[in-house]
Each structure stands twice: as C-alpha cells, then as structure tokens.
Amino acid sequence: MGLVGIVVVSHSRALADAAVALASEMLADRPVRVEIAAGLDDGSFGTDAAAIRDAIAAADDPAGVVVLMDLGSAVLSAELALELLDQQLAARVLLCPAPLVEGLVLAAVAAAGGASRADVAAEAVAALDGKVAQLAPSSPVAAPTGARAPSVDQAELAQPDREVGLVDRADGQPEIGVFVVSNGHGLHARPAARLVRALAGLDAVVALRNLTRGGPSVPASSLSRVATLGAVQGHRVEVSASGPAALVAVGVVLELARRAFDEPTSATSPADASDVGGVLSSPRRSPASAWWALPASPGIAIGPARLVQTAPIVVPAGPAGDAPDERDLLADAVAQVRGTVRAERDRTARQTSADDAAIFDTHLLLLDDPELLGDADHGIATGRSAARAYATAVQRTEDALADLDDPYLRARSVDVRAVGDQVLRQLVGAEEAVLPADGVLVAADLTPGQAAALDPARIEGIVLAGAGPTSHSAILARSRGIPAVVGAGPGVLQLAEGTTVALDGSTGELHLDPPADVRETLNARRRAHRVSYARALAVARQPASTLDGVRVQVGVNGATPAEIAAGVTNGADSVGLVRTEFLFLDRDRAPDVDEQVAAYRALVDAAQGMRVTLRTLDVGGDKPLRYLPQPMESNPFLGVRGLRLALAEPGLLRDQLTAVVALAHESPVSVMFPMVSTLDELVRARTVLAEAIARVGRYSPTGLQVGVMVEVPALALNARAIVPYVDFFSIGTNDLAQYTLAAERGNDAVAALADPLDPAVLRLIQMVCQAAGARRLVTVCGELAAEPVAAAVLVGLGVRELSVSPAAVPLIKEAVRATSVGAVQPTVRAALYADGASAVRRLAASFAPPSS
C-alpha cells in the first residue's frame, strides 16, 4: 500500500500554496502527494466543488485521501465534491476538521511515515495541542469533535495511569537515553518532523520526556505530541523505547540529537552549540556540507588551529619563447616533480609501509600521461608558453573528468589538479603551500606529499574540510599516527588562526573553542587511552579469547619485513594480509619468479614461523601497471582488475603462483585471490595454481591453504557454493562497502556512504560466516578490523580472525578479550536491522573497551 494523499481546500490560492510549501519543508526526501483546490478561476476568493473533486481524484491512493479545509463554505464544497465522486473513491476519502496550516504540517509528516488515513486525520486534529501547551499549559483542552475514534494504540496511550512508551520488554526494562537540545529554536516543527520520520517503520514504541521542564512522556511517533514537550535549547530530554527494535530506536534518536536533527547550521550556530557542550553538528547530507566530521585517524588532539596557507599560481601572460625551449622547460619541470614524488614515495615506504607508498603511483603515472603531455605539446606548437599550454591541458583534463557521470572518474580530477599544480609551480616559480610546524592543521585537503611530510611529533591533529576516511590524506594520517577528522565542511576554513580545536579521530567528534570541561574530558580520555594501550601492549603476546572462551586470531597486515617484524613485536598471531602489489608497481617490467621468491622469503623470515597469507596481484582500477597498459574504462573499479586482470594475463599469475608454491614447501603460507565475483573465476584460478604446482615439479605443499577475498556482494551471496573450493574467506570491508553501497571510497562526495558498519554490509558478512560455519575460517582484513568499536560486532557475527596494522594489534586483542560472543548477540541482531551505520556505531560502542 502507498501513502495517504492529502487535498488542501482553501478560499485563497496564495494561502494554500504557502501552507503546502511550509509542510514540504518537513518532508525532506519523502514526498507525499498533496493536491490543491483553492480560489476561483478568475483569481478571486472562493471554493469550487468540481475542482475539489478533481484534486481528490489526483491525490487518490489505495491508502486513502484526507481533505483539509479552511472556512465553513469550504466544508460545504468538499461535501458536495464527495457526492460527485463514484462511491468506491468516496469511501476512501476522509474530511478532516483540523486547522488548515497546523493540521496540514502534521498530516503531511504522518502520511510520509506511512500512517493510515485515520491516523493522519487524528494527527491533524491534534495540531493545536503544542500551541495550547505552550500558551496555557494548565488549561484543559477539549478534544475536537468530529474526529474518528482513537485507534487501539492511541486509546492505550491515552490512559491516564500509564506513562507513554514505558512498555515493559521481556526483561521488564525499557531502553533509555538522554540528550540535550542544541537547536537554536528548540525542538520545533522541523527537527520534530525529522525525528518522527526517522522512527517510522521501527518495531518499537518510543516516548520522549522533557526532564528540564517536567511533565509526562509523549509518543515520539506523533508530531503534535512532540510539540507539547516545549523543549528549547539546553533542555534535557529523555528518550525511552520498548519492543524488538528498542535499542536501535534509542540510538537513532540520540544520533539525530547529536546532529542537531539535521538542521542547517544557521539554526544551530557555533555559539549556540558551545552552550551545550561545544559539539558542532549539522546535516549529514554529504561529507563536506557543513559542521560535521568523519573519523579518519584514531586519537585525541587538542591545540591551536593552524590554517594551511596556499600561495596562488599565476601563469604569466607574456610572450612564449621558441617551441623547443618551451618544450625543454616543460620536460625539466615534469622531471623535477617526478623526482620529488618518487622521493616522497620512497620516504613513505621507509617510514610507514609500501602499501601507503603506492598512493604516489597514480601521480607518477599522470606525470607521464601521453594524452596530457600531448595536449600541452600541441599548445606549445601553437605559440603558447610551456606554463600556459600545460595549465590549459590540465584544466581541460580536469574539467572533462569532473563532467563525467561516473563518480570514480570524477574523483580522479583531484589527482590531475594536484599533479598539475606541482608542475606549474615548478614552471612559474610559485612557492609550495606553507605547512604549519605545530598545532592542529586545518585545510581543505592535503596532497599525498603534504600528508607524508607531516611530523607526528609536532602536528597534534588534522581537520580537513573535504576528503573522506579512505582518501589518500586520511590513509597517510593513520599510517603516521596523527589523529584526524575529515569532511568537516568549508566552515572550518573560516576559523581564526590560533582558535583552540579539539577532536577525537576515533569518533569524528569535533570541538571548536571548547569550554574547559570539554577539554578536560578529552584530556582524560587521551590519558586513559595511553594507559590502556600500555596495558594492552604488556599482554599483547598472549592469545586473545573472548570472555566466554572463543579464541580469535589477531593478525597483521604488511608489505615489508619491517611492518611484519613490528607486528611480531606487538603480539600478532599471523600475517593476515600481504599486499603483493608492492613488488609490481613503479617499475617497467614484472618481477620474475626468482625475484618474487626472494621478496616473499624475506617477509616469511620476518614472520618468525607465523603463517603468512599472500594476496595475489590486485591491480587495475586505481593501481595500474606501467608495463601492462589497459584500455580506458568508464569505471575501472567495475572493470578489469584483481583476479579478472590476472586471469587475462595468465603468465603473470602463473609466475606469481609458482613463487608462492616454491615458498610453501619451506614455510606455512596461504594464498588468496582478490576481486572474485563468480565460482568460475575461482575454479580457473585454482587451475592456474595446479599448473604452478606441476611447474615446481614436486608434490602439492601440505601447508598451502587457499582462500578468497570477499569484496564483491555476489560472492558473499554465493558463499555456500564457494566453500568446497577454499580453506578460508578473507573479507575486505573497504571494497565490500563501496560495492554494496555504490559509493567509491576515494570520492569525497560519497565517502560518508561507504561505511563498512552499514547494516547491509554486516548482513553480507553474516552470510559468509553462516556459509563457512565451523569448517572454514572467516577473517576480516579491511580497515574495519582495526576499529575496536567494531570488534564485538564482527566476532559476534562469526569472524574468527582480525588482521590489522602493527600498531593496532594490542588494542584489538584487548577488544576481543572484553567481548562475550553470547552477550553481544542482541546487539548484533539489532545492528543487522538498524537504519544505518551511525546507529550501528552507537550500538557497537556499548561493547567497546572503555578507553578505546
């Protein structure tokens, strides 16, 4: 069944249009069919029964139609219109005696939430309750006559001896939370409507009570009753819920309150927010929409804001030199930048990891891009200077990418601009952006080179107006251990230099000029985190088992012997993921078998006897190979990448598997295939593996285990068919989230969507765990595994190995030890059917170690 339609009957067309516009403000993205029959054809005041009849027919839906009217003669015209309708349609129409403007607002919200025709009319009739409560709270209000009898639920809620919403669960206790209203105008119609819509469809009875003002609880499903709370800015409001989705419902309300019920920032000014704790919240429409941040790199930072000052690039308008000279200038500038980028890549590989260093490979490829350089050369040939020709070519390429429909390719325009700016600065002699030496760095975004150059001993934290949690800048901030939040919105760029900024990179919490108590709370949290980490490190070499005795392996992700050695030092139980791309990128030919064996043996030696899992080459998409040119694809992430590319180049895959097999005769080694979509792909890969075993010329290594990366939803859905062909499943939550939610993880515009704790992603993980059962190991090697707040949920779903960065191993082991598989099951069930990742994170936080 659809949504109840609404017809507005008024003597004045202008009044009706304005009332409908006001109601529409409360509906956001949930449109309700509202038809207008107002005024006469000549523009004068009046009502027309025939026009009302036509409006009812246009608004008709199997759910019915509610008609709202302004003055007495409008009622007569509406009644006549009913007589003009056929009986079947007339039977679905309810004439409602509610006040027109207030009634329409509440009726529209109720209809958008899927309420029945009778409930929509009842909400409209109660529209004046909030106004009456505000102006004359002690006066009894007579119920309007002419409304339908209350439904069973409403009659139950109306009983004077019962507090609304506090219906006992099986254990006799409701779920309860408290929030402080931060909205400048209080819990008025717009935020209240947002609240009602968010709760629609949840299997829970939810009530609100104003603790500051006092008074009874009111049902959160009723916009008219929420208005009677009289909750203004600073009031404390209790939310209670019962029913199967009670915990989820409370989490939804608290998350909405944290975001100021998604009101624009003008409704919740920074000054207003500081009065209620200094947290700046705003709409979650996009990562860069306003005051709202995404967690990017864990840790707490407090310090003065240091804004990145970028010197403008001015391309001279003077005459160009001879074409050969201009070409030499461009070639020299490109060579200079290439050397800089390679140095940044090498430094990153030494200081953090080879996988982080691979971020620079895209920039190296763009520097040698034949189309871009060819376009610039053509400009030089037509008489332009090297700087002017290259700037034009960069702008043309950037614009072409930005205009494409595909989000991945649009996001690549950022890389083109970053590389272009570096070359242009060389050509015109412009200075690089000045990076602050200390404090909390505030910027629109950072290039990979800028992020890699930050000194974690000096930079307290990072706040980026744009970017996303999986952007290059965020990845490098994590690898360098600098707390960071991203997607904070352009408003942070207006901060005065030196303003105190406090952030928690684990939660996305962002405070600007916070009061002393907030600073002390965060400082205490930071001290507790350091103590907790030291305690976790002291016992990191001990096995990690849950409170009810379930053993969970905690492995380390690495691509260099140094990373794996750090994992061993920090107590890793295995090497859960080696990204072998480090050996294939930034070179002119593929490594041969002997070179691969030597490189993998160095990793195995560093593991000191632990099992090492080698992922076969995962390139294509955002990691192309210079010596393996691929045709242009409209979306490389949905094209030939991962195992698809390896199967298309069987010689490349056969050499790599030969090296793996040779090593597996010496040490405990596992191999897994990335980007597997179908069983046929896996069977073909295993055929190549069999050929590699025959090529080595010995028996099949007894310790060699074979697995697949679960990154494509199709593989998770078909996991039962895959089980006979693998020894383990390894879930790559980064790609699984982006493919499930159709949100490219490197695209700032949709980064907020690609949260691996989204219920849809969790249900796919559950399906894999159920298919694997006790016969096959399920591990998570994506970045979600390194979030202590997620450990309980993943272990509760059936994951039995978490593979993380070296530094994260001790804390994840502690998170496992704090978990009970049995006790977390209600939370897991609630998370699987929550309304979004934010609600899941709030649920998961209740099981995270206190100082994580």
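Amide H contacts for GLY186 (H built 1.01 Å from N in the peptide plane; partners 5 or more residues away or on another chain; cut-off under 5 Å): GLN233.
The local environment of THR382, defined by Cβ-Cβ distances under 12 Å, has a net charge of -1 under the rule Lys, Arg +1 and Asp, Glu -1. Projecting the Cα positions of LEU537, LEU583, VAL593 onto the charge dipole of the stretch 518-611 (unit charges on Cβ atoms of Lys, Arg, Asp and Glu, taken about the Cα centre) puts LEU537 furthest along the positive direction. Computed across the stretch 641-788, the Kirkwood hydrodynamic radius from all distinct Cα-Cα pairs reaches 16.1 Å. Note on ARG535 and ARG589: the model spin-label points, each 7 Å out from Cα along the C-beta direction, lie 5.7 nm apart.
Once all protein chains are placed together, LYS131 keeps about 100 Å² accessible to a 1.4 angstrom probe. Dipole size of the stretch 1-115 about its Cα centre, with +1 on Lys/Arg Cβ and -1 on Asp/Glu Cβ: approximately 260 debye, rounded to the nearest 20.
For the stretch 761-807, calculate the relative contact order in percent as a whole number, restricting contacts to Cα pairs under 8 Å that are 6 or more residues apart.
Computed value for the stretch 761-807: 44 percent relative contact order.
One chain, two ends: ASP328 and GLU25. Fully extended at 0.36 nm per residue, the span grows by 103.2 nm beyond their Cα-Cα distance. The Cβ shell under 15 Å around ASP573 holds other residues with a net charge of +4, Lys and Arg each +1, Asp and Glu each -1. When you count the other C-beta atoms within 10 angstrom of each residue and take the mean per peptide, 38-45, 110-117 line up highest first as 110-117, 38-45. The overall shape of the stretch 504-578 is prolate: from the C-alpha gyration tensor, with semi-axes ordered a ≥ b ≥ c, the ratio a/c is 1.5 or greater and a/b exceeds b/c.
Hey, can you rank 557-569, 368-380 by average C-beta count inside 10 Å, highest first? Present the calculation step by step, with values, prior to reporting the outcome.
Numbers: 557-569: 21.9, 368-380: 16.7.
In descending order of packing, they fall as 557-569, 368-380.
The Cα atoms of the stretch 478-602 cover 61, 47, 21 Å along the three principal axes, with the biggest extent listed first.
Between LEU679 and ALA317, what length in nm is gained on full extension when 0.36 nm per residue of separation is reduced by their alpha carbon distance? Write out the running numbers ahead of the final one.
Details: separation 362, 0.36 × 362 = 130.32 nm, distance 5.97 nm.
Working it through step by step, the gained length comes to 124.4 nm.
For the stretch 750-852, what is the accessible area per residue in Å² when the probe is 1.4 Å?
Working: 3180 Å² over 103 residues.
Per residue, the stretch 750-852 has 31 Å² of solvent-accessible surface.
Leaving out ligands, DNA and RNA but keeping every protein chain, what accessible area does TYR739 have, in Å² rounded to the nearest 10, with a 1.4 Å probe? Number for this one is 50 Å².
Seen through its C-alpha gyration tensor, with square-root eigenvalues sorted a ≥ b ≥ c, the stretch 466-525 comes out oblate because a/c lies at 1.5 or above while a/b is not bigger than b/c.
The values are calculated or read from the model by the stated rules, or taken from the named source; none is laboratory data. Note that this is a predicted model, so its numbers are computed, not measured. All Cβ positions, glycine included, derive from the backbone under ideal geometry; neighbour counts span all protein chains shown. Accessible surface areas use protein heavy atoms only, side chains included; no ligands, DNA or RNA. Shrake-Rupley method; radii C 1.70, N 1.55, O 1.52, S 1.80 Å.
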